Amino acid sequence: MRFNFSKVVVSLSGSFFDKPELICEYAKIFSKIRSKLEMFCVVTGGGRIAREYIAKAEILGLGERERHMLGIAVTRVNALLFGFALDFEEIPQSYKEAVKQLRKNGFAICGGMKPGQSTDKVAADIACMIDADAVINLTKVAGVYDKDPKKYQDARLLKELSYEQLEKILSSQKSSPGKFELFDLLAVKELAKREIPIFFACGKEPKNLIEILRGNNPGTKVCKKPVNWEEVIEKMEKEAKKRNAPVYEFSFRYPFQILLAAIISTRTKDEITLSVCKKLFSKVKTPAQLAKMSENELAELLKPAGFYREKAKKLKELARIIAEKYGSRIPETKEELLSLPGVGKKVANVVLANIGKDAIAVDTHVHRIANRLGVLHSKTPEETEKKLKRIVPRNLWKKLNKTFVGFGQTVCTPKRPRCRECPLSKICDFAKV
Ligand code: UTP
């Protein structure tokens, strides 16, 4: 099974360094995960030993800065322990070095960086620098509770929170050398700005890390706006189908047809794309046949569609490449698809999603609806794609484009959306305004 994320930063509580078996297990897990992620960074905490040093420093009458520096030294020793276990002896001494290592090797393990903060803040800083997909905080407790679980027996584990809700819970905590509570408030603020999800889970069970990477939530998940994606997509789909959204008329099965339809559909209404495709596919069955067709004949066939002359030229060339270079099979990787004439990110993702690959195609409907719902804030389709991938479970990626398009054609229309009839109005930011 593939992981839900590709760039991940883990903050590992220093308390686990009192348990050699656990550290051994983590070393094995890290070395396996490493090869499966584009970038993987582990930040180790200081735990008991750091606190002991800080207490001794206090007795010696040392200042706050010195106490923090002792804390940093211990976190780095802990990082080095993993470093040796993983045949990786260079522990970054600065953010710059950490990011350099991540870019070069896809992996870095580090401790504290600057006096006066926690290793959670280090994890958040690095996550922002590499634009990570998630920060995973492995702590002693199962996640975020509504009140202190050490003091109150009836404390409730909160499964999903918004950044704002987490900030509210954390703002009641105080921090000093060796005493940062569940998570650093500054770290949350930073991650919230970048809309990088934060996961909290009990680190005593290393399998929780794998669970999170697979898209599950064994503890608490924090993001801009938690929603039940299964439910959201189901409601949208039901409504769009009930209202006969044009997008559901498309039922092309062959990858070649899906690719052509996706290219023809750019800057063209679905109804027109559909009629053009039906006419085209009745004449052309294979890339070789399309490559042989004259450009004028093809342009005539495409005519009602926008930019039909350019599209005719590009489709002919694309068909020739597919026939000659790929033996008439449609390539199945994003890079290869993007190298074809007329294929941009959206078209490539539409093809990939339709042939069963995990891809989210972002067009104007997806971009508009995601922003209106308030699950993310984004200015460009690229940013929307990146942010959706962080928050939508991977098994729903393929379905997302068609569902959002259908919903955008019928309910959440660009102008005058039907908010009063919308099944999502209760959770939508736009409907509330
Ligand atoms: P930790 O982040 O481990 O603090 O750093 P913690 O809250 O005690 O975390 P656990 O118990 O490991 O989960 C230990 C101390 O090191 C200093 C701080 O004083 C911190 O409390 N430190 C750490 C820094 O000053 N700067 C850093 O970048 C990191």
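Once amide H atoms are built 1.01 Å from N in the peptide plane, which residues 5 or more positions from residue 136, or in another chain, come under 5 Å H to H?
9, 10, 11, 199
Cα-Cα over 18 Å: which of 28/386; 285/316; 241/278; 28/204; 269/311?
Distance filter (> 18 Å) returns 28/386; 241/278.
For residue 357, put the label point 7 Å out on the Cα→Cβ axis and report which residues of region 298-323 keep their amide N under 18 Å from it.
318-319, 321-323
If I model a spin label as a point 7 Å beyond the Cα along the Cα-Cβ vector, how far apart are those points for residue 230 and residue 281 in nm?
3.2
Give me a comma-separated list of calculated 3J(HN,Hα) values for region 413-426, in order, Karplus coefficients 6.51, -1.76, 1.60 applied at θ = phi - 60°, integers in Hz, x for any Gly or Pro.
After applying 6.51 cos²θ - 1.76 cosθ + 1.60, I find 5, x, 9, 6, x, 8, 4, 5, 9, 7, x, 10, 4, 5 Hz.
Would you work out which of 272, 293, 353 lies farthest towards the positive end of the dipole of region 226-370, given +1 charges on the beta-carbon of Lys and Arg and -1 on that of Asp and Glu, about the Cα centre?
Farthest towards the positive end: 293.
Provide the gained length on full extension for the span residue 399 to residue 329, in nm with one decimal, where the gain is 0.36 nm per separating residue minus the Cα-Cα distance.
Values: separation 70, 0.36 × 70 = 25.20 nm, distance 2.33 nm.
Residue separation times 0.36 nm, minus the Cα-Cα distance, leaves 22.9 nm.
Could you give the distance between the Cα centres of region 315-339 and region 230-279, to the whole Å?
Comparing the Cα centres of region 315-339 and region 230-279, I get a distance of 22 Å.
Which net charge results when you count Lys and Arg as +1 and Asp and Glu as -1 among the other residues whose beta-carbon is under 15 Å from that of residue 59? Numbers along the way, then the final one.
On the way: positive: 51, 56, 67; negative: 52, 58, 64, 66.
Net charge in that neighbourhood comes out at -1.
Peptides 389-401, 151-163: what's the order by average Cβ count within 10 Å, highest mean first? Before the final figure, lay out the partial values.
Numbers: 389-401: 18.6, 151-163: 13.4.
Taking the mean over residues of other Cβ atoms within 10 Å, the ranking is 389-401, 151-163.
How many times 2.2 N^0.38 Å is the alpha carbon radius of gyration of the chain? Kindly include the intermediate steps, with their values, before the conclusion.
Working: Rg = 25.8 Å, N = 433, 2.2 N^0.38 = 22.1 Å.
With N residues counted in the chain, Rg over 2.2 N^0.38 Å equals 1.17.
Given points 7 Å out from each Cα along the Cα-Cβ axis, report the residue 171 to residue 205 separation in nanometres with one decimal.
Between residue 171 and residue 205, the simple spin-label model gives 3.3 nm.
Quick one: check the C-alpha center-to-center distance for region 194-209 versus region 341-391, whole angstrom.
26
Quick one: dipole size for region 1-142, taken about the Cα centre, charges +1 on Lys/Arg Cβ and -1 on Asp/Glu Cβ, in debye to the nearest 20. Intermediate results must be reported in sequence, preceding the final value.
Numbers: 20 positive and 16 negative charges, 42 e Å.
Taking the Cα centre of region 1-142 as origin, the dipole is about 200 debye.
Given R₀ = 51 Å, what would the calculated FRET efficiency be for residue 339 paired with residue 64, taking r from the Cβ atoms and rounding to 0.05? Don't skip to the end; give the middle numbers.
Numbers: r = 56 Å, r/R0 = 1.10.
That pair, residue 339 with residue 64, gives E of 0.35.
Could you check the simple spin-label distance between residue 241 and residue 253, using points 7 Å along Cα→Cβ, in nm with one decimal?
1.9
What's the magnitude of the charge dipole for the chain around its Cα centre, counting Lys and Arg as +1 and Asp and Glu as -1 at the beta-carbon? Answer in Debye, nearest 20. It would help to have the intermediate numbers written out before the result.
Working: 80 positive and 52 negative charges, 302 e Å.
That gives the chain a dipole magnitude of about 1460 debye.
Considering only the other residues whose Cβ falls under 11 Å of the Cβ of residue 374, what net charge follows from Lys and Arg at +1 and Asp and Glu at -1?
Numbers: positive: 224, 225, 372, 432; negative: 429.
Neighbourhood net charge equals +3.
Name the residue farthest towards the positive end of the dipole of the chain from the options 69, 155, 312, assuming +1 on Cβ of Lys and Arg, -1 on Cβ of Asp and Glu, about the Cα centre.
Most positive-ward Cα: 312.
If we count every other residue with Cβ under 12 angstrom of residue 158's Cβ, Lys/Arg +1 and Asp/Glu -1, where does the sum land?
+3
None of the figures in this text is laboratory data; all of them are computed from the coordinates on show. What you see is a predicted model; the values in this text were computed from it and never measured. Counting neighbours? That spans all protein chains shown, and the Cβs are built from the backbone with ideal geometry, glycine included.
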